[in-house]
Amino acid sequence: MPSIPDQPGAGSGTVAADGVPDAVPDAEMPGSQSPDMPSTGGRPSIRFPGVPWLRLPRQPLLRHLLFGAVAAVGFYLLTGSLSAFNNFRLGEIALYAIALAGLSLLTGTNGQISLGQGAFMAVGAYTLGVLMTHTSWPLAVDVLAAILLSGALGVVVGIPATRLKGPYLAGMTLILALALPRIADKYTAFFGGDQGLTVTAPTPPGTIDPQRWLTWIQLAGAIIVLILLANLLRSRFGRSFRAVRDDEIAAGLAGIHVARTKVLAFTVAASCAGLAGAFLGLSIGVVNTGEFSLTLSIYLLAGMVLGGAGSLVGAWWGAIVIVFMPGWSNSIANSFSLGSAVAANLSLVIFGLVLIVVIMAVPTGIQGGISWLAGRGLSLVRGGGQPRGSPAPPAIATAPDITTGGG
Amino acid sequence: MLDVEDLSVSYGAVRALQGVTFQAQDGSVTAVLGANGAGKTTLLRTVSGLVKQRSGTVSYDGEKLTGLSVENIVRLGISHVPEGRGVIEELTVDENLRLGTLWQFNRGHRRSVLDEIYDLFPPLAERRSRMASTLSGGERQMLAIGRALSSKPKLLLLDEPSLGLAPMVTAQIMAMVQRLARETRLTVVLVEQNVRSALSIAEEAVVINLGRVVVADRAATVAADTQLRHHYLGF
Amino acid sequence: MSLFINLTLNGVTNGMIFAAVALGLVFIWRATHIVNFGQGSMAMFTTYLAVTLLDRQVNYWLAFAAALVAGLVMGAVVETVLIRPLRGKPALNPVIVTLGLFILLEGMAGSIFGIGNRSFPPAFSQAGLTFGHTKVAFSHFDVFILVAVVVLMLGTLVLFRATSLGLRMRAAAFAPEVARLLGVRVGRILTLGWALAAVAGSLAGLLVAPTVSFSPNFMDLVLVYAFTAAVLGGLDSPVGALVGGLVTGLALSYVGGYLGSSLEPLGALAILMVVLSARPEGLFSRPEPRRV
């Protein structure tokens with residue numbers, strides 16, 4: 001993509017007194033919802049007013065790697081101080097973040113609503129389980145197979161899905177979520193039946209605690225996936241995803257291969273789910289159909305909506321809610337002495353309410369709310385009143401952007 | 001009498017109408033003229049309640065229309081034939097006509113009202129059980145007007161009835177509208193691009209340009225003002 | 001051979017139930033262009049209300065009627081509170097909201113009515129009828145199912161074709177703006193459409209409940225199969241709902257009988273994929289004419 005030479009006052013923002021362009025902070029957060037900014041040559045770093053020591057590399061890949069490294073260090077320290085159970089939960093958060101990030105890309109960025117994310121998780125988990133039970137391949141291979149197989153299924157499902165809009169796609173993926181796990185019910189010998197398949201956790205090197213080791217693997221997976229997705233969303237593929245979501249016909253006229261874009265999004269989402277499913281199997285130690293009911297897929301949708309559709313950071317919020325919700329429900333039910341029937345079902349009620357209330361009141365979810373607050377906060381930091389500078393570049397959905405992108 | 005006072009309407013940032021003021025007297029035909037995009041259709045849609053105004057008022061016979069829902073404005077005796085006619089293709093001619101009578105008349109009356117409409121428009125009577133999708137352009141216009149009349153309105157808003165119609169058919173329809181206004185004291189506000197035929201049947205004329213009223217005067221005066229005609233009306 | 005006959009009879013009765021739920025989906029689609037994924041849960045909830053009444057020794061038919069009325073009210077409330085505020089917003093929003101409603105109602109049913117497996121008593125005997133020497137998989141209750149759904153279908157037909165209300169509903173569905181200009185209170189009509197659709201769903205719930213193990217997700221598969229049936233017949237065609245229901249019911253009955261019941265959902269998926277690839281608008285849908 002040709003880089004636009006940087007000139008004072010030109011480009012995406014105004015220039016502060018010291019000649020450094022004002023940052024549009026939202027756009028620099030990894031995986032944020034705001035659209036791509038054209039890469040400008042010249043200035044190597046982004047600065048923030050009022051925080052002179054904070055400089056971020058302008059290149060997206062470097063920025064994402066930096067965030068990933070910081071996160072990795074942070075998580076390493078965190079896992080050291082958490083109990084085994086909390087590390088287990090942290091690992092769960094990581095794997096759900098992976099699944100939600102993929103779903104967010106598919107539904108939020110590309111506009112294809114999928115209720116089948118749970119089914120793809122099942123595919124990943126069962127692939128891992130079957131390979132572990134029937135072969136002696138190393139864990140890494142099993143996990144890779146889980147990703148590839150669910151990705152392949154993503155292609156198979158994604159192709160007919162290209163012709164479907166909104167409710168039709170939702171309906172088809174709904175049936176998928178119900179139908180796929182039942183295959184395991186039918187071929188019980190191979191799939192372990194009600195008991196399911198046993199999965200052995202990976203043995204850590206040296207004297208590292210096994211739960212910590214598993215959690216590291218899951219966190220590493222999450223960081224890597226999120227970096228990859230963040231880069232993908234910043235690339236021309238990301239622009240294509242959004243363009244297709246906003247107006248398929250216009251995107252097609254602009255030279256985007258609409259069907260391929262949609263299938264790619266599906267495949268990415270399915271692969272993420274496959275990895276997440278494999279990790280889930282490793283966490284729980286067993287793979288059976290009970291884990292992968294329709295409820296899981298709807299919880300994932302709720303988690304994505306709550307965190308913020310299209311937001312990678314939002315995937316973490318959603319994952320936290322998903323992991324902690326059963327516990328919260330239990331506490332609420334117990335503290336109000338509501339009985340066991342309520343305790344078991346309160347999560348359903350809350351997630352249902354989440355879906356309804358968030359869509360009706362705050363469609364951009366938690367991350368959207370945070371971005372909005374950050375924008376307000378920054379205008380205060382700038383000295384009150386209106387934020388200076390030209391507004392952020394318009395959403396990349398118009399044809400000219402894509403054609404000038406070129407590749 | 002229809003009384004439009006200082007009406008302003010915006011679609012987002014676009015000002016469609018600004019400070020529009022005029023009256024339409026009972027039993028008369030008032031032509032609303034102007035170039036494409038001048039705001040004529042917006043004016044009718046605001047009167048009938050499809051569009052909310054930004055400021056200003058519209059009243060009919062002293063009753064304020066601005067702020068009422070479409071369904072309630074209709075119940076004050078105001079009928080709007082929209083641009084494009086809005087004939088419901090999936091229904092038959094008879095069903096289209098009946099639809100207009102439902103809120104106004106009870107079962108006993110409806111048939112006789114429909115018979116009156118069929119007397120007014122014989123071609124519709126011939127096709128009463130045919131699907132509306134099978135009608136020609138002129139027949140659809142008749143159906144749309146007949147449907148608007150089936151609730152026995154006091155004010156009729158007509159948006160570009162001549163659109164897509166052959167000159168002879170247009171003339172017939174215009175003549176019928178004029179007759180109705182005279183014989184039944186129907187107030188007609190007629191938006192038209194076909195300025196000549198509109199001015200030929202109208203008593204009053206309002207010319208709108210870029211959302212503002214340029215002239216509101218007797219139709220004959222407007223027709224005679226050649227400079228005005230050249231400038232705003234294209235002939 | 002007798003397996004085939006039994007599967008066929010089974011398929012027909014199931015198909016009629018799918019047709020009833022599909023009819024509700026069609027009503028709502030025609031009125032508001034939304035697929036109500038909460039349809040099954042709403043039916044389940046009203047059926048739970050009926051069972052609660054029956055537990056308190058209320059007369060069967062009274063409880064039956066109460067469930068239908070509850071459905072009517074529920075449909076109206078859902079449309080007014082959840083769907084109407086979303087008009088004009090992105091089209092995905094109502095889909096997500098109805099999914100939220102789906103699990104909300106399941107959770108509420110489980111919380112309020114308890115999780116233990118109940119059973120719903122059938123209105124009529126479920127013993128297979130005997131023809132000559134052979135017993136067939138068709139009981140008095142199955143006859144009731146057929147009759148009930150046929151009455152529903154006929155009632156719908158009469159409503160739409162022969163009443164002024166039906167005319168208003170059709171106009172509101174085909175051309176809401178024009179209908180408003182003709183004095184039709186389109187907002188109220190839409191609410192009524194949802195209410196009637198919910199009644200169809202409630203009826204289906206009452207018909208299904210005696211035949212399955214009764215728990216908060218007993219309508220999940222029915223909803224999914226009804227959706228398949230509606231898409232097969234055409235989401236905007238009531239006739240399509242009936243035909244689609246019967247075809248789906250039969251097809252799934254054969255799949256279940258010959259290939260195993262675990263594969264039924266996969267069968268539905270296959271039907272859906274075929275329809276959406278070959279004729280996405282369904283068998284009976286009318287191509288949308290342009291408005292002139």
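The values are calculated or read from the model by the stated rules, or taken from the named source; none is laboratory data. These figures come from a predicted structure and were not determined experimentally. Quick reminder, even Gly has a Cβ in these numbers, built from the backbone with ideal geometry, and neighbours come from all protein chains shown.
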Problem set entry | Meets criteria (of a type in the set (Phe, Trp, Tyr), under 23 Å from C:PRO238 (Cα atoms) and in a helix (DSSP H, G or I)) for C:PHE37 | no
Problem set entry | Which listed residue, of C:ARG84, C:ARG30, C:ARG56, is surrounded by 17 or more Cβ atoms within 10 Å (Cβ to Cβ) and either in contact with a Cys (Cβ under 6 Å, 6 or more places away or on another chain) or of a type in the set (Lys, Arg) (or both) | C:ARG30
Problem set entry | Output for the stretch A:248-275, where each listed residue is in a loop (DSSP other than H, G, I, E, B) and either on the phi > 0 side of the Ramachandran plot or of a type in the set (Val, Ile, Thr) (or both) | A:GLY255, A:ILE256
For this session: Could you tell me whether the stretch A:201-216 includes any residue that is of a type in the set (D, E, K, R) and either away from every other protein chain (no Cβ under 11 Å) or surrounded by fewer than 15 Cβ atoms within 10 Å (Cβ to Cβ) (or both)?
Result: yes
For this session: Could you run through the stretch A:220-246 and say how many residues are closer than 16 Å to A:GLN59 by Cβ and not small (Gly, Ala, Ser)?
Result: 7
Seminar exercise, completed: Scanning the stretch A:261-294 residue by residue, those surrounded by fewer than 24 Cβ atoms within 10 Å (Cβ to Cβ), closer than 23 Å to A:LEU229 by Cα and hydrophobic (A, V, I, L, M, F, W, C) turn out to be A:VAL263, A:LEU264
For this session: Would you check if there is a residue in the stretch B:156-173 being surrounded by 22 or more Cβ atoms within 10 Å (Cβ to Cβ), in a helix (DSSP H, G or I) and not acidic (Asp, Glu)?
Result: no
For this session: Select from the stretch A:143-178 the residues that are assigned to a helix (DSSP H, G or I), facing another protein chain (nearest Cβ under 9 Å) and free of Cβ contacts under 8 Å to residues at least 12 places away in the same chain and list them in ascending order.
Result: A:PRO167, A:TYR168, A:GLY171, A:ILE175
Exercise. Does C:ALA173 qualify as being touching a helix residue (DSSP H, G or I) at 6+ places or on another chain (Cβ under 6 Å), modelled with pLDDT of 90 or more and part of a helix (DSSP H, G or I)?
Worked result: no
Seminar exercise, completed: By residue number, the members of the stretch B:98-154 that are more than 9 Å from chain C (Cβ to nearest Cβ) and basic (Lys, Arg) are B:ARG111, B:ARG127, B:ARG128, B:ARG130, B:LYS152, B:LYS154
Exercise. Among the residues of the stretch A:217-237, how many are among the small types (Gly, Ala, Ser), closer than 19 Å to A:TRP316 by Cβ and surrounded by fewer than 21 Cβ atoms within 10 Å (Cβ to Cβ)?
Worked result: 1
Exercise. Under 7 Å by Cβ, and 6 or more places apart or on different chains, what pairs join a residue from the stretch A:347-364 that is under 14 Å from A:ALA309 (Cα atoms) with one that is at pLDDT 90 or above and small (Gly, Ala, Ser)?
Worked result: A:VAL354/A:ALA302; A:LEU355/A:ALA302; A:LEU355/C:GLY100
Seminar exercise, completed: Only one of C:THR8, C:THR46, C:THR13 is touching a Gly at 6+ places or on another chain (Cβ under 7 Å) and assigned to a helix (DSSP H, G or I), namely C:THR46
For this session: Kindly indicate which of B:GLY56, B:GLY37, B:GLY84, B:GLY62 is out of contact with any Lys or Arg (no Cβ under 9 Å at 6 or more places or on another chain), at pLDDT below 85, surrounded by fewer than 22 Cβ atoms within 10 Å (Cβ to Cβ) and among the small types (Gly, Ala, Ser).
Result: B:GLY37
For this session: Working only within the stretch B:1-26, note down all residues that are in contact with a Lys or Arg (Cβ under 9 Å, 6 or more places away or on another chain), surrounded by fewer than 17 Cβ atoms within 10 Å (Cβ to Cβ) and closer than 24 Å to B:SER79 by Cβ.
Result: B:ASP26
Exercise. Identify, please: which residue in the stretch C:176-185 is assigned to a helix (DSSP H, G or I) and surrounded by fewer than 23 Cβ atoms within 10 Å (Cβ to Cβ) and is, among those, nearest to the other protein chains (Cβ to nearest Cβ)?
Worked result: C:GLU177
For this session: Evaluate the stretch C:60-81: report whether one residue or more is at pLDDT below 85 and either exposed (fewer than 14 other Cβ atoms within 10 Å of the Cβ) or out of contact with any Leu (no Cβ under 6 Å at 6 or more places or on another chain) (or both).
Result: no
Exercise. Mind checking whether some residue in the stretch A:294-302 is more than 12 Å from every other protein chain (Cβ to nearest Cβ) and under 19 Å from the mean Cα position of the chain (by Cα)?
Worked result: no
For this session: Could you check the stretch B:53-120 for helices (runs of 4 or more DSSP H) lying wholly inside it with 3 or more residues that are without any contact (Cβ under 8 Å) to a residue 12 or more places away in the chain and more than 12 Å from B:LEU143 (Cβ to Cβ)?
Result: B:107-120
Exercise. Which residues, taken from the stretch A:322-339, are crowded, with 22+ Cβ neighbours inside 10 Å and within 23 Å of the chain's Cα centre (by Cα)?
Worked result: A:ILE322
Problem set entry | Selected residue [modelled with pLDDT of 90 or more, among the hydrophobic types (A, V, I, L, M, F, W, C) and in contact with a helix residue (DSSP H, G or I) (Cβ under 9 Å, 6 or more places away or on another chain)] from B:LEU97, B:LEU163, B:LEU120, B:LEU76 | B:LEU97
For this session: Give the residue, chosen from C:MET153, C:MET169, C:MET219, that is crowded, with 18+ Cβ neighbours inside 10 Å and either more than 17 Å from the chain's Cα centre (by Cα) or among the polar types (S, T, N, Q) (or both).
Result: C:MET169
Seminar exercise, completed: Going through (1) without any contact (Cβ under 8 Å) to a residue 12 or more places away in the chain; (2) assigned to a strand (DSSP E or B) one by one, B:VAL189 fails only at (1)
